[in-house]
Amino acid sequence: MSFSIPALPFDDAGLIFAVLTAAILLAPLLARLTRLPEIVTLVLMGFVIGPAGLGLLERQGLIATLGGAGLLYLMFVAGLELDLDDFIEHRRHSIGFGMATFLIPMAMGTGVALALGFELLASLLLASCWASHTLITYPVFQRVGTVNNRAVATSVGATIITDTLALLVLAVVARAFQDALTPLFWFTLLPSMAVLSAAAVFGLPKLARWFFAGAGQQRGLRFLFVLTALFVIASLFDLIGVEAIVGAFLAGLALNRSVPNGGLLMERIDFVGATIFIPIFLLATGMLVDLQVLADPRTLLVGASFAAVAIVAKLAAAMLAGRSFGYSRDEIGAMFALSSAQAAATLAAIIVGLEVGLIDQDTVNAVVLVILVTCVLASVTAGRYASRLPRSEGQRDVGELVVVPVANPVTAPRLMRLASLFAQADGGLVVPVQVVLNGADRDALDRARELDLEVLAVAQSAGSEARSVLRIDTSPELGIAHTVLEQQGSMLVLGWKGRTGARDALFGGITDRVLSTTFVPTIISREGAPDHQRILMVVDETVLTPGGLPSLRFAVHAAKVLSEKLGLAVEVVSNAEDGDLTAMVRSAWGAEVTIDARRRSILVKNLARPTDLIIIPSVADEPNLRAVATRVMRAAPGEAGVLVCVDNSLADPRQRRNLITPLLGSGSRPPAP
């Protein structure tokens, strides 16, 4: 037998992937040893295996193709993971900081690059590198639990502004360098970009919902749909003369709510990106580094100048915006830590600039030096300020994670469809939970697994993402309560058969005990006719008090979601006038509240129709639930659907003990707060 030593660089597919996967495997281990960001170690590993290092691989052919795909994937994930709700809530601060942290680096970067002898177009492209930023330090704030702080939310929202503007600058500069920035370009670019952007932002989510509810119920097909959307939108942007990374970023924003965080689809997207696409892109970028060129005095001067611009400009923007917003010193430090790291858009810009011939290899090395410096500085700064920020609970979307206890195969599909409507409205996740009692036999477990597959299919047919839980516990109510706590549920949907077996019970033993052991906004649903024609919300004066306002707001939100999703008109009737209720109804539907002083049960008998979906907000204590909610439910037509909306998320533990705990038997107690 004879053996042959393969020549360098490797051209065999097996050897190429062996080197790539080994480098990806070693990078996080080296990051832990050196305490450098993993993104930095991946770039360094790319240099080691590249032509300027050991010469194992060259940045061409397969590696160049995979690196380009990884760049698109990186920008797609950046758009997919941005919290649009945080951006909307803090939009004024986010827009203000986003413009400051874009314009200041853009102006300083252009001036310094011109002073260093770069042409105007190259100067603009390089300045756009420092105008963007990458949230590589965001996980630091996640670990210490300060992501809900206003400074963090503002910085995350500002990323939408900076990255979008920086990528647009890149697209225009690249076209100008290629002498394609003609009047015809503007006349064709702006309309085509507007049409394509509108199609992506408004059409892609609808297409995703249609596909997920139909042929795409299998998770593998959903993942392939996401990949197809990414590369198709990116390619279409490239065809109209805009860099493909702009389309990839926009595709991520468009699918932001269709792919909820915490779902299996998002886990697969993150897994494939974190293990294959993005690391290969970073390795391919590291292959551009040449230490001999980096040691050149000119390159060091350029790199040091650019690093100074990136750091000083981002710090100035954070201080200017933070002080104008009234933020503390620690919050300003957090804004700098989140906005100073240069990575994703910066790498995208230099790769595109190198490919079109706008910048040379020496400049690429100088920019890579800036990336290393800013990533290390941002990581150190985040470690200092993240834990100092005041923690705020923030306002969660009720549809962020909807827990649905299921036990009956007949009623489970209706509950899952109801929960899916709220999850879709907030880009959330449905978690069906089955509780099997401790000591159950194998047949009970098998039946639970069969029902588990059925309810997952229902959720996916509704276009939602679902993650099922099969729990073994000592009682159904404790199993549900433990699941809500462990899964960090934001909402609970319970079913009610419309009658109880005990005179002193409200909705039935298990439902009553669940209400007393879980403290999240809860909907109790009684099934009605499958096709509703109107939503009738019945408001009692008991929820017009400060203690009842949370349940009232929850009920208005539920009615708004259901009216939009089901296309139903809403009528609100109350037995007392109230300014808060009037303002909520006008804001939601532009309608007025009907005042009727008759008893709720009599009113419902006279007004309710068999085709109505009746919504009843109620305070979460036994007297109000018994006097209002259950009486109205029993007075409603048997064919009408009824939803009791209870915001059970009380902050005061002493108040929690005064809920419907008298209805609990001796065998169950609410958990200690």
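Any chance region 288-301 includes a residue that's touching a strand residue (DSSP E or B) at 6+ places or on another chain (Cβ under 7 Å) and surrounded by fewer than 17 Cβ atoms within 10 Å (Cβ to Cβ)?
no
Within region 466-505, count every residue that is at pLDDT 85 or above, aliphatic (A, V, I, L, M) and closer than 26 Å to Glu267 by Cβ.
7
If you scan region 420-451, which residues turn out to be crowded, with 20+ Cβ neighbours inside 10 Å, in a strand (DSSP E or B) and at pLDDT below 85?
Result: Gln434, Val435.
What number of residues in region 510-520 are within 19 Å of Val632 (Cβ to Cβ) and in contact (Cβ under 8 Å) with a residue 24 or more places away in the chain?
Total meeting the criteria: 2.
Restricting attention to helices (runs of 4 or more DSSP H) lying wholly within region 579-651, give those where 2 or more residues are at pLDDT 85 or above and touching a strand residue (DSSP E or B) at 6+ places or on another chain (Cβ under 7 Å).
Qualifying helices (runs of 4 or more DSSP H): 579-589.
To keep it simple, each residue is scored yes or no on (1) crowded, with 23+ Cβ neighbours inside 10 Å; (2) more than 22 Å from Val302 (Cα to Cα); (3) touching a residue at least 24 places away in the same chain (Cβ under 8 Å).
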| site | (1), (2), (3) |
| --- | --- |
| Gly117 | no, no, no |
| Leu125 | yes, no, yes |
| Ala131 | yes, no, yes |
| Phe141 | yes, yes, yes |
| Ala151 | yes, yes, yes |
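Pro617 passes all but one of (1) closer than 24 Å to Ser490 by Cβ; (2) in contact with a Phe, Trp or Tyr (Cβ under 9 Å, 6 or more places away or on another chain); (3) surrounded by fewer than 19 Cβ atoms within 10 Å (Cβ to Cβ); which number fails?
(3)
Go through region 410-435 and report how many residues are β-branched (Val, Ile, Thr) and touching a residue at least 40 places away in the same chain (Cβ under 8 Å).
So the answer is 4.
Kindly indicate whether any position in region 316-337 is among the charged types (D, E, K, R), over 24 Å from the mean Cα position of the chain (by Cα) and over 26 Å from Phe141 (Cβ atoms).
no
Please state which one of Thr299, Thr363, Thr346 is within 21 Å of Phe249 (Cα to Cα), among the hydroxyl-bearing types (Ser, Thr, Tyr), in the same structural domain as Leu126 (by TED's automatic domain parsing) and part of a helix (DSSP H, G or I).
Thr346
State yes or no: is Leu227 at negative phi, buried (at least 24 other Cβ atoms within 10 Å of the Cβ) and in the same structural domain as Thr374 (by TED's automatic domain parsing)?
So Leu227 fails the test.
Given the criterion farther than 19 Å from Ala69 by Cα and either touching a residue at least 40 places away in the same chain (Cβ under 8 Å) or not assigned by TED's automatic domain parsing to the domain that holds Gln460 (or both), identify the matching residue among Pro279, Pro205.
Pro205 is the lone residue from the list that is farther than 19 Å from Ala69 by Cα and either touching a residue at least 40 places away in the same chain (Cβ under 8 Å) or not assigned by TED's automatic domain parsing to the domain that holds Gln460 (or both).
With the requirement that a residue be buried (at least 23 other Cβ atoms within 10 Å of the Cβ) and free of Cβ contacts under 8 Å to residues at least 24 places away in the same chain, what does region 595-614 give you?
Answer for region 595-614, where residues must be buried (at least 23 other Cβ atoms within 10 Å of the Cβ) and free of Cβ contacts under 8 Å to residues at least 24 places away in the same chain: there is none.
Quick one: count up the residues across region 244-265 that are within 29 Å of Val195 (Cβ to Cβ) and assigned to a helix (DSSP H, G or I).
Adding up the residues that qualify gives 12.
Looking at Phe306, Phe336, which one is under 25 Å from Gly79 (Cβ atoms) and in contact with a Leu (Cβ under 8 Å, 6 or more places away or on another chain)?
Phe336
Kindly establish whether Gln342 is modelled with pLDDT under 90 and over 24 Å from the mean Cα position of the chain (by Cα).
no
Kindly indicate whether Val368 is surrounded by fewer than 21 Cβ atoms within 10 Å (Cβ to Cβ), in contact (Cβ under 8 Å) with a residue 24 or more places away in the chain, under 23 Å from Thr137 (Cβ atoms) and more than 23 Å from the chain's Cα centre (by Cα).
Against the criterion (surrounded by fewer than 21 Cβ atoms within 10 Å (Cβ to Cβ), in contact (Cβ under 8 Å) with a residue 24 or more places away in the chain, under 23 Å from Thr137 (Cβ atoms) and more than 23 Å from the chain's Cα centre (by Cα)), Val368 does not qualify.
The values are calculated or read from the model by the stated rules, or taken from the named source; none is laboratory data. This is a predicted model, so every value here is computed, not measured. Heads up, the Cβs are rebuilt from the backbone with ideal geometry, glycines too, and the neighbour counts pull from every protein chain shown.
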